[in-house]
1. Which pairs do you get when a residue that is in contact (Cβ under 8 Å) with a residue 60 or more places away in the chain and assigned to a strand (DSSP E or B), found in region 336-359, comes within reach of a residue that is of a type in the set (F, W, Y) and surrounded by fewer than 22 Cβ atoms within 10 Å (Cβ to Cβ), reach meaning Cβ atoms under 6 angstrom, with the pair 6+ apart or on two chains?
2. If the requirement is being touching a Leu at 6+ places or on another chain (Cβ under 8 Å), buried (at least 19 other Cβ atoms within 10 Å of the Cβ) and either modelled with pLDDT of 85 or more or in a helix (DSSP H, G or I) (or both), which of these qualifies: L657, L736?
3. Looking at this structure, is I308 surrounded by 15 or more Cβ atoms within 10 Å (Cβ to Cβ) and outside any loop (DSSP other than H, G, I, E, B)?
4. Looking at (1) touching a strand residue (DSSP E or B) at 6+ places or on another chain (Cβ under 7 Å); (2) closer than 30 Å to A363 by Cα; (3) surrounded by fewer than 21 Cβ atoms within 10 Å (Cβ to Cβ), which is the only condition V401 fails?
5. Here is a check on your reading of the model: is G157 within 22 Å of Q248 (Cβ to Cβ) and in contact with a Lys or Arg (Cβ under 7 Å, 6 or more places away or on another chain)?
6. Whether any residue in region 694-715 is small (G, A, S) and in a strand (DSSP E or B) is what I want to check.
7. Which members of region 55-94 meet the condition of being more than 30 Å from Q126 (Cβ to Cβ), touching a residue at least 24 places away in the same chain (Cβ under 8 Å) and part of a helix (DSSP H, G or I)?
8. What tally of residues in region 362-390 results from selecting those that are buried (at least 21 other Cβ atoms within 10 Å of the Cβ) and in a strand (DSSP E or B)?
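The values are calculated or read from the model by the stated rules, or taken from the named source; none is laboratory data. Only a predicted model underlies this, so the values are computations on that prediction, with no experimental measurement involved. Positions of Cβ are backbone-derived with ideal geometry, glycine not excepted, and every protein chain shown enters the neighbour counts.
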Amino acid sequence: MTDMAKDLSTAAPQTARLDFNTPALQRKRRRRALQDRLARWYVSVGGLAVLGAITLIFFYLAQVVLPMFQGAELSARGEPQRPAWLAEQGKALLMAVEEQNQVAMRLDARGQVSFFEADGGKLLSQVALPVPEGSEIVSLGQDQPGSNRLVLGLSNGQALVFGHDYRVTYPDNRKTVSPRVEYPFGEAPIQLDPQGRPLHQVAMNVGSDGLLLAGSTGNQVLALELSREENLLTGEVTLGERRLELPQLAEPVKALLIDPRQLWLYVINGRSSADVFDLRQQKLNGRYKLLADPQAEVTEVTALLGGISLMVGDSRGGIQQWFMARGENGSELKNIRGFQLADSPIVQILPEERRKGFLALDAAGNLGVFHSTAHRTLLVEPVAGAAAQAALAPRADRLLVESAGRLQGFELDNPHPEVSWSALWGKVWYESYDEPKYVWQSTSANSDFEPKLSLSPLAFGTLKAAFYAMLLAAPMAICAAIYTAYFMAPAMRTKVKPVIELMEALPTVILGFFAGLFLAPYVEAHLPGIFSLLLLTPLGILAAAYGWSRLPESIRLRVPDGWEAALLIPVILAVGALALGMSGHLENWFFGGDMRLWLSNDMGIPFDQRNALVVGLAMGFAVIPNIYSIAEDAVFSVPKSLTLGSLALGATPWQTLTRVVILTASPGIFSALMIGMGRAVGETMIVLMATGNTPIMEANIFEGLRTLAANVAVEMPESEVGGTHYRVLFLAALVLLLFTFVMNTAAELIRTRLRKKYSSL
């Protein structure tokens, strides 16, 4: 046996051994290893580059946004000056600085107007106002901030109206500012009090119809209206005069102010009372208590830019903002908000000429910088001693203070006072509004506009648009993905899935154009049909399914498994044709022929043509492919062994789907929803063209909206680089980025938890 085995082993053919270490294979392995390393480095560098780019974008947005939340800065401009001419002047009643910050004006109690250099204090010129002999200046009043028009109340019952103007010329290519005094209503004083009593308080307002003067002699208020009419043919000017009869007050008047529309006359009297007179009806509108503290006293009252708000300073260092707003009994003077400077009495309030900000000076020489709309205190700093007089430049970047015969200039850096947390996200009581509201209105045609920069309606509009889009897209996309991956025949799936994914290739600008120009008017004209379609489509599908299940088995077996969905195409088309075809009849039967008017008049539901319903339909159509594709891949990727094992244990296909397949695919389905939500939140062109861009906070599906992304796209080209509006738009972009980051992070955490929870299935 041993010899035979040796012979057999010798006779068997020898098996050739493969050599896996040839030079060619070695080169191939080295090349493949190099390719693997390059691919690994390429993917790593690409991923890190994406993370770095996102981080840089975040820090760039933050770098643009953060300066808005910094306070104001005040710095002295050189050493205090003691010009010799200043010692010869009387007590200062008013100081002002012109637009170019080169020339300043000072008015003293003797009626002497002095123009001097704002930096060095050098005297340029002096003008003596035509104050009649034997009379003296008793009071001073100003028109609206920025007008440079003043009125002097004299001891003989007369009022002198004048203004200071500055002409800029460029002789020898050198800018020269030439100051002058003007008398828009003549140099002759106007007799306001026929009895010749001293005018202890005086106020003025120049409107489109003429001049309105108001003065007080003790507790008697006088008002005179001067109108100016010019004959277009002859050029002859006719002056009209009308005296307003106002009742006598019980207490002496401390201050007078006139509403810029010449509707209201504010009379501050007593310690802290205000009587508001209706100038049109010439009667008392109401009497109001300005200060809650009975020990406090009103020490200064000034109108804010635009003349609507009254800034009331008291003896305790507080400042209150008041303006007329609609109340239960008509227009009422309401206390809006308050500020606190220090503990000393407020002696001067300086309103800005281009913003709703103001400066306040107290008796101790403390200066405060505030903004009314933002309810923000930007700076509190001592600048002078007692009995100081200050002037604020029109651009609010220069401050000039006179104290004890010295002039001190200051540079004021206050670029973004309009921004605060309450102004961006809280309700703000804006001038002339009935109540606090969320409002976005960044620009206006008038110069005394109060910017309304609330991001709340924009954030609400973003979530509203995404909600209605997801309300339509999420159920359809998820259900379609589950059916396609689990029930549909493979041959049909290879046709349906690419068609749905091809929908994502449609440009959103085309969808927005279609939604704005065709879908919005069509929906408005067929409202009953649209709602009937939304209700009848699922009912029609269920009815068709029930009817199919009742057909004989011989008929049902003729349709291959997984192709039943094709039978729903004519059903959906028939239901759609029925619903839209019956729209007009439904409108006549139930809504009086016009469902839109029925909603607005009978139900009190406002209706805009470009509304959230249109956005939901158009943007839902755009979001469906994203959700469908990811969710379908997640369901289809569930191992077949799980499905077959469940069926083998006796579970029905529906039980297998709901208790095995969907649970296993839930991380991917959740990721699909989050990605679709992110797409809906960041969508720009559809909401830009189909919503009307109305920044309102209404959940009504028939009203429009404005999103953060659309607002940035619309207003960024109009914003001034570096301005507050510009930076707020960057803040909107940062909010979008943070929202997306937080949402994606939460989605990843939930997805990881779901995967860990159902990984044992």
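1. Correct list of pairs: I336/W429.
2. Criteria check complete, one pass: L736.
3. no
4. (3) is the only condition that V401 fails.
5. yes
6. No.
7. The answer is I57, F58, L61, A62, V64, V65, P67, M68, F69.
8. 9
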